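The structure appears below as structure tokens.
The values are calculated or read from the model by the stated rules, or taken from the named source; none is laboratory data. As the structure is a prediction and not an experimental result, all values here were calculated from the model. Positions of Cβ are generated from backbone atoms using ideal geometry, with glycine treated the same way; all protein chains shown enter the neighbour counts.
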Amino acid sequence: MVSRCLLRVTLGILLCLAVSSSGFAQVVTGPCSSANSSSTGCNGHTTAIVLVTAGVAVVVAVLYLMHHKPHKDQQVSQANIVGCVDKTDAGIRLKDEKSHQTYGIIADTVELKPGDRVELSGNKFKDRDGNMNMDVQTLVNDYGPCTP
């Protein structure tokens, strides 16, 4: 999960720098000197725009990482769980066949259908209310419809 967040932040910073550097390339047309700075467009505004964009990207990345890291008291563990998918008012849930524990499912990259028996791999953790949740990384196996 950390690697996925790091990838998103890195791509966001690179996108910001790419957009700001393309504007820089359009403005600078020749060597900058005090004699011809007004005619070539080298006036410091472009440098300021690049620095502000990079600064904003760094601040957003730091805030994102601070907001999305687990709390110190929150235990996160990698697990594979087999169970039946159920849709409730609170979202998608999975009942583990072995422990009969119900997990709230966070599945950004995996599409789950209610009524299917699946094996999921991901990080399980307790939320602030003490409910078990699972951040799904992969769908290991889809066994078809659940049997009562």
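For (1) outside any loop (DSSP other than H, G, I, E, B); (2) more than 21 Å from Thr147 (Cα to Cα); (3) modelled with pLDDT under 90, each residue gets a yes or a no:
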site	(1), (2), (3)
Gln75	no, yes, yes
His100	no, no, no
Thr109	no, yes, yes
Val118	yes, no, no
Asn133	yes, yes, no
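Being over 17 Å from Ala79 (Cβ atoms) and assigned to a strand (DSSP E or B) is the filter here, so list the residues in region 135-148 that pass it.
Residues satisfying the conditions are Asp142, Tyr143, Gly144, Pro145.
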